[in-house]
Amino acid sequence: MAGSPDETHFGFESVPLGEKQARVDEVFHSVARRYDLMNDLMSGGLHRAWKDALVTAVNPPKGDAPFKLLDLAGGTGDIAFRVVKAGGAGTTATVCDINADMLTVGAERAIARGLDDRVTFEEGNAEELPYPDRSFDCVTIAFGIRNVPRIARALAEAHRVLRLGGRFLCLEFSSVDVPGLEALYELYSFKLIPAIGQAVTGDRAAYQYLVESIRKFPKPKAFAAMMEEAGFRRVSFTPMTGGVVALHSGWKL
Ligand SMILES: C[S@@+](CC[C@H](N)C(=O)[O-])C[C@H]1O[C@@H](n2cnc3c(N)ncnc32)[C@H](O)[C@@H]1O
């Protein structure tokens, strides 16, 4: 985190805590329509495998048993669609995101896929969730938590709305820890990603923010400690693709 408790990072820039959310909202307002295409281009399709690993961990019931997922910072609905497809008729998902533009794209995709009866899109801030205590069986957040200004608050809220015995899963970019891959990843991140972002969305700054925010996000062990601080138990993490991303898991017990 940045120097003073009232400051945080927007990419490499130190900004007042109260300013970060508006800057993040601008980024996702700008890229919403091209967001899904950019995910495929930037990750070479790898984000699909990472998301599949998350869905496998969610493990929704195959039958009619009710199972309620909350996908935080769920944007255009990717995780929610995958979970309801993996689950049985009782599996439903709520996508909660602070950005109306991302949610609009997601709601259109849900209709196109015939999943709008099982996936709902709601505007909300991960730091202050509009849901009662213990109302979901599972809470997920994918590539979202590093955008939230007060991470500890979002973790505490995820814990609050989860039922006893429920699982929290967080998929996020992490720290590459394979010698050789590190330098290549650095080059790819700082040279290629902003250029692809410029070419596809016309917004280089949004993708510069993306790569910088990844570097500023806590290392996997530090993030696991933050989850424990928020009340999660049996916290663990699994690095994937040489540490490009990590899947953190914790239970409300
Ligand atoms: C990189 S996108 C991830 C979208 C989706 N989870 C996925 O994996 O494709 C990050 C999302 O976080 C959302 N976000 C940022 N700050 C948030 C907050 N405080 N509360 C809820 N959502 C937030 C953004 O609007 C954006 O849709």
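The values are calculated or read from the model by the stated rules, or taken from the named source; none is laboratory data. As the structure is a computational prediction, the values presented were derived from the model and not from experiment. Neighbour counts are summed over all protein chains in view; Cβ atoms, including those assigned to glycine, are modelled from backbone coordinates with ideal geometry. We work out accessible area using only protein heavy atoms, side chains counted, and drop any ligands, DNA or RNA first. Shrake-Rupley method; radii C 1.70, N 1.55, O 1.52, S 1.80 Å.
Each residue in region 3-28 was checked for being within 10 Å of the ligand (Cβ to nearest atom) and either among the β-branched types (Val, Ile, Thr) or exposed (fewer than 14 other Cβ atoms within 10 Å of the Cβ) (or both), and 2 of them qualify. Taking the criterion of being among the small types (Gly, Ala, Ser) and either within 9 Å of the ligand (Cβ to nearest atom) or open to solvent by less than 10 Å² (accessible area, probe 1.4 Å) (or both), the residues of region 101-136 that qualify are Gly106, Ala110, Gly124, Ala126. Residues in region 38-53 that are under 17 Å from Val105 (Cβ atoms) and away from the ligand (no atom under 12 Å from the Cβ): Leu41 only. For region 218-253, a residue qualifies if it is in contact (Cβ under 8 Å) with a residue 24 or more places away in the chain, aliphatic (A, V, I, L, M) and touching a strand residue (DSSP E or B) at 6+ places or on another chain (Cβ under 9 Å), and the qualifying residues are Ala224, Met227, Ala230, Met240, Val244, Val245, Ala246, Leu247, Leu253.
Checked across region 85-101, the condition of being of a type in the set (Gly, Ala, Ser), over 20 Å from Trp50 (Cα atoms) and touching a helix residue (DSSP H, G or I) at 6+ places or on another chain (Cβ under 7 Å) holds for no residue.
Of everything in region 160-192, what is part of a helix (DSSP H, G or I), surrounded by fewer than 20 Cβ atoms within 10 Å (Cβ to Cβ) and not hydroxyl-bearing (Ser, Thr, Tyr)? Give them in sequence order.
Taking region 160-192 and keeping what is part of a helix (DSSP H, G or I), we get 160-161, 181-192.
In the following step, the residues that additionally are surrounded by fewer than 20 Cβ atoms within 10 Å (Cβ to Cβ) were identified as 160, 181-188, 190-192.
Hits for region 160-192 are Arg160, Leu181, Glu182, Ala183, Leu184, Glu186, Leu187, Phe190, Lys191, Leu192.
The set of residues in region 33-77 that are within 18 Å of Ala206 (Cα to Cα), more than 13 Å from the chain's Cα centre (by Cα) and polar (S, T, N, Q) contains only Ser43. If I filter region 84-94 for residues that are among the charged types (D, E, K, R), within 15 Å of the ligand (Cβ to nearest atom) and either in contact (Cβ under 8 Å) with a residue 24 or more places away in the chain or more than 18 Å from Arg34 (Cβ to Cβ) (or both), do I get at least one hit? No: zero hits. Cβ-Cβ distances below 6 Å connect the following pairs, each with a first residue in region 161-190 that is small (Gly, Ala, Ser), a second residue that is more than 16 Å from the ligand (Cβ to nearest atom), and a separation of six or more residues or different chains: Gly166/Asp137; Gly166/Lys252; Ser174/Pro220; Ser174/Gly243; Ser175/Lys219; Ser175/Gly243. In region 137-149, the residue that is farthest from the ligand (Cβ to nearest atom) out of those that are open to solvent by 10 Å² or more (accessible area, probe 1.4 Å) and under 16 Å from Ala222 (Cβ atoms) is Arg146.
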